[in-house]
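Student: Below is a structure I'd like to ask you about.
The values are calculated or read from the model by the stated rules, or taken from the named source; none is laboratory data. Since the model is a prediction, treat every value here as computed from it, not as a measurement. Ideal geometry is used to build each Cβ from the backbone, glycine not excepted, and the neighbour counts take in all protein chains shown.
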Amino acid sequence: MKNRKGAMVHGIAVLAGVLILTLGGTALAFHGGGVAHCDGCHSMHNSPENPVEGTPNSLLLKGSDPSSTCLNCHAGDGGSYHILSSDASNWSPGGDFFWLTQSYTNSNWSGSVTSDPDNMGHNVIATDYGLTVDGTNTTAPGGTFTSSGLGCDSCHDPHGQVNGGTANGELPISVSGSYGEAPAPSTIAGNYRLLGDVEYGLAAPAPIAVTDGFGETDVSHPAYGQGMSEWCASCHGEYVNNSQKHPSGNGEFLNGQSANYNSYVATGDFTGVQATSFTALVQFERQETDPAILLAATTSTAGPDSGDNIMCLTCHRAHASAFNNITRWDMEHELLAEGWPTAANLTAMGALPLSDYYGRDIATDFGDFQRSLCNKCHVQD
Amino acid sequence: MTGRCFSISLIALLALLALGPRNPASAGVTASFRYPLSNFSGPVRSQWAKLAVDQERSEVYALNQRANDIRIFDRHGMEIFVFGDGYSTAADIAIGEDGDIFILTTGYQTSTVHLLNYRGEHVSEIPLENIPESLSEFVADRLIYRQGSLYLVDSSSLLVIVVDEEGFFKEAHDLKATLKPALDREKRKQKAIKDSDWKQKALEYVEVNGFTVDSQGNMFFTVPVLFSAFRLSPGGELMEFGRAGSGPGKFGVVSGITVDEMGYIYVADRLRSVVLVFDPSFKFQTEFGYRGDRPSSLMVPDDLAIDREGNIYVGQAANRGVSVFRVVREAAVHEEVLEKAVVDEAIFKEAAVQEPDAPEAEVHEAVDQEADAPEAAIQQAPVKELEVHVAVVRETDAPEEVVEEATSPSQGSDTASRDFEESGQVIEEDVPDEVESIVDLSDQVEFTVDQGGDTPSTDSEKSGWTIEEDESNHLEESRDEE
């Protein structure tokens, strides 16, 4: 009897502990590197958030689809953890899905040209937020992944598992994998930005990177370590075929291009030095896997070493950008200051001025005759 | 002996069952769906429209940022005017008492208030004058008009600037400083779970989502990452209410917030796709909406506005436009709320008298809002000892004054609110379940209340409200009335 009572007391204590851990501290750390609390995204019994008399969601999600569920929290203006704004104000490393929602029209030598918002980002399907399937590509460029299945969860594992999680024999997750935190003994960190890995269905391990926040400036930015291009190749494999395309990936060191990067300040200005040559507009991978070293690099203004490498995100953003093909800068005009979208386009779309370059005024910061930032490495201007 | 115990237990259980669910307050508020805001082509689509009500003319304005237009609807929900050219960067809209339209536009690190006439024609920009130098980086993205004042909110920096209709600075409020105790509480919680510098750093990213001001000057705002809503009185008292969860009355991702003339508070929840209704003492009353395809359903509700007739306007995602509900607060039940508050007051007074060591009531003093220097007008929470705030109810003839917050000694004995100094003693009386904590703004203590009990059932009958789907052609209804 005493044992039963003791067991009951022990059980209550354990339950209380679980409740405290479950209910306390959930704010501000919803994912926490691993799976969040279930009812943040799911409605377990087709209860009011997902009524059976309406259109039941097969995944019991609190959104019409996975991406809409994510955007319940991640849609909003301003910086922070938002990724879809109404005014292009999310200046995050991945970019603002705003650019998928608006188009603009300009004229050039060929006549009137209307932009194609489908071409400005990954067309994740989020019905509740007006994000629809890619109207141009039925499969991923350079791959076979079907556009009709693209969502946030195509790249991010919402359950935050690493290598299949504990059910697959992995250690528990104790810290986020995004911010360089050291995991507690006998635990591991989650993947960077909850990115999916091989066990999740991607063709490569989750890339290694660290960031110190949500934004991206030249003095506060992600520090990429390894594996980004290999991971992107899960869907865009033909685009990371280095024998036929622009080299990209772990083995594609910058070599001599690193010297170009470090001396290049702007078109015609080669007075730069490595210690201050970094621009977040042209990122690179540091061939580093130590989170502590990468964390220190998130505030570094230093340019690359010769052993650092180019990756997909050197030229592209992951979510969306103001430019065709999700590039970080306009690659379709000779002079960036004359590129599209123009200031008038931005205003007409309801986008913040300068939002295309994250607050940079190209003419002021680089000069009226600044040419493509491809020249940061290639110096052909 | 065992059989007797069993019998007693059985009787007690039956008695509990006979009493049924305890849900005294929710019976007082009913919400029924009326119609979506429409024009002669049908419902007007919009995505998270920003809403403002012209109380004098019973018109509602909907700013659809994605379509760059502003539409005006009459009291029957019919569109009567559209404008918006030149305001593609409009972030919010407010309506003055005389029908003036105020549009807030944003630029790169700038924001501008525009004055328009009732035709939507630009009259002038309203330059902000005498803004303290310390607020030079303030960029507003929310705008509220209340009784001759414009409240401008920078939701990222959690700053509020109040100016008059000519743009002259009146006062400012640093909500982040005011929220510091609540934020520190979160830090402590998270510190207790694991030592994580990052999560504490994340507190720097706290932002305001919904914001409104009631007729008494109380500011209400929601903070999604805290799963909470707050009321900041003109005197600087901060009250927090709401609790994270999925059940009725609980907060998911809180967004828009508005207050009616009786003091009832309406909070939109994007995640749960509902609008929650709280009485003036923060007691949960009911909720309506729910995700789905039904006309009465809501899809990720955001901004809210309510008119004097009890029509509540709900801006939604999924391009569903603005849904209109009619909220009825039964007078009898409202009287019940008042009576309960009076009883609460008596109990509280009695407790204070019976406790020999109880300190004298300390009446909260309003912060001087007329500081000479503009810098001095930046309001932060006054530093005080432990306080316990009780719902304040005073009956007067004017409905809008039925419920109000006591903020000065001049309100005397007809108020039921007092701030009491305590020394660590927890008083659980009279504070509604939904009030998670009453924050001592000096960050010395916090007052927590048991969250259990009284949560209404999900059953609509039990919870005391019904959805009456009245989407049967309100266009004809409006024609008939005309």
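Student: Based on what the data block shows, is B:LEU179 modelled with pLDDT of 90 or more, touching a strand residue (DSSP E or B) at 6+ places or on another chain (Cβ under 9 Å) and crowded, with 22+ Cβ neighbours inside 10 Å?
Tutor: no
Student: Can you give me the number of residues within segment A:72-84 that are in a loop (DSSP other than H, G, I, E, B) and either modelled with pLDDT under 95 or within 24 Å of A:GLU338 (Cβ to Cβ) (or both)?
Tutor: Residues meeting the conditions: 7.
Student: Applying the selection to segment A:84-143, what residues are touching a Lys or Arg at 6+ places or on another chain (Cβ under 7 Å) and within 14 Å of another protein chain (Cβ to nearest Cβ)?
Tutor: Selection gives A:SER86, A:THR101.
Student: Shifting gears a bit: Determine, yes or no, whether A:THR132 is within 14 Å of A:LEU100 (Cα to Cα) and modelled with pLDDT under 95.
Tutor: No; evaluated as a whole, the condition is false for this residue.
Student: Please state which of the following conditions A:ASN108 fails to meet, knowing it meets all the rest: (1) at pLDDT below 95; (2) touching an Asp or Glu at 6+ places or on another chain (Cβ under 8 Å); (3) polar (S, T, N, Q).
Tutor: (2)
Student: Hey, any hits in segment A:244-267 for a residue that's at pLDDT below 95 and of a type in the set (Val, Ile, Thr)?
Tutor: The answer is no; no qualifying residue exists.
Student: While we're here: For segment A:50-71, does any single residue satisfy the condition of being at pLDDT 90 or above and either in a loop (DSSP other than H, G, I, E, B) or surrounded by fewer than 23 Cβ atoms within 10 Å (Cβ to Cβ) (or both)?
Tutor: The answer is yes; a qualifying residue exists.
Student: For residues that are aliphatic (A, V, I, L, M) and in a loop (DSSP other than H, G, I, E, B), scanning just segment B:251-285, find the one that is surrounded by the fewest Cβ atoms within 10 Å (Cβ to Cβ).
Tutor: Result: B:MET262.
Student: Take the residues in segment A:306-335 that are assigned to a helix (DSSP H, G or I) and in contact with a Ser or Thr (Cβ under 7 Å, 6 or more places away or on another chain), then tell me which one is nearest to A:TYR179 (Cα to Cα).
Tutor: Across segment A:306-335, the extreme among qualifying residues is A:CYS312.
Student: Still on this structure: Quick one: A:ARG193 ticks every box in (1) of a type in the set (D, E, K, R); (2) within 17 Å of the chain's Cα centre (by Cα); (3) not in a helix (DSSP H, G or I) bar one, so which box is it?
Tutor: Every listed condition holds for A:ARG193 apart from (3).
Student: On to the next question. Using the structure shown, decide if A:GLY303 is away from every other protein chain (no Cβ under 14 Å), part of a loop (DSSP other than H, G, I, E, B), within 30 Å of A:ASN255 (Cβ to Cβ) and in contact with a helix residue (DSSP H, G or I) (Cβ under 7 Å, 6 or more places away or on another chain).
Tutor: In short, yes.
Student: Any residue in segment A:342-360 that's more than 10 Å from every other protein chain (Cβ to nearest Cβ): show its pairings with residues that are of a type in the set (Phe, Trp, Tyr) and surrounded by 18 or more Cβ atoms within 10 Å (Cβ to Cβ) at Cβ separation under 6 Å, as long as the two are six or more apart or on different chains.
Tutor: Close Cβ pairs (under 6 Å, with a partner that is of a type in the set (Phe, Trp, Tyr) and surrounded by 18 or more Cβ atoms within 10 Å (Cβ to Cβ)) amount to A:ASN345/A:TYR104; A:TYR358/A:TRP91.
Student: Here is a check on your reading of the model: is B:VAL322 modelled with pLDDT of 95 or more and either more than 17 Å from A:ASN72 (Cα to Cα) or surrounded by fewer than 22 Cβ atoms within 10 Å (Cβ to Cβ) (or both)?
Tutor: Yes: the conditions hold for B:VAL322.
Student: Further question: Looking at A:GLN226, A:GLN287, can you tell me which residue is out of contact with any helix residue (DSSP H, G or I) (no Cβ under 7 Å at 6 or more places or on another chain), under 22 Å from A:ASP157 (Cβ atoms) and polar (S, T, N, Q)?
Tutor: Exactly one residue qualifies, and that residue is A:GLN226.
Student: Hey, among B:LEU115, B:LEU158, B:LEU128, B:LEU150, which residue is buried (at least 17 other Cβ atoms within 10 Å of the Cβ) and within 14 Å of chain A (Cβ to nearest Cβ)?
Tutor: Unique residue meeting the criteria: B:LEU158.
Student: Being within 14 Å of another protein chain (Cβ to nearest Cβ), of a type in the set (Gly, Ala, Ser) and surrounded by fewer than 20 Cβ atoms within 10 Å (Cβ to Cβ) is the filter; apply it to segment A:178-214 and report the residue that is farthest from A:GLY33 (Cα to Cα).
Tutor: Among those residues, the one meeting the criterion is A:SER186.
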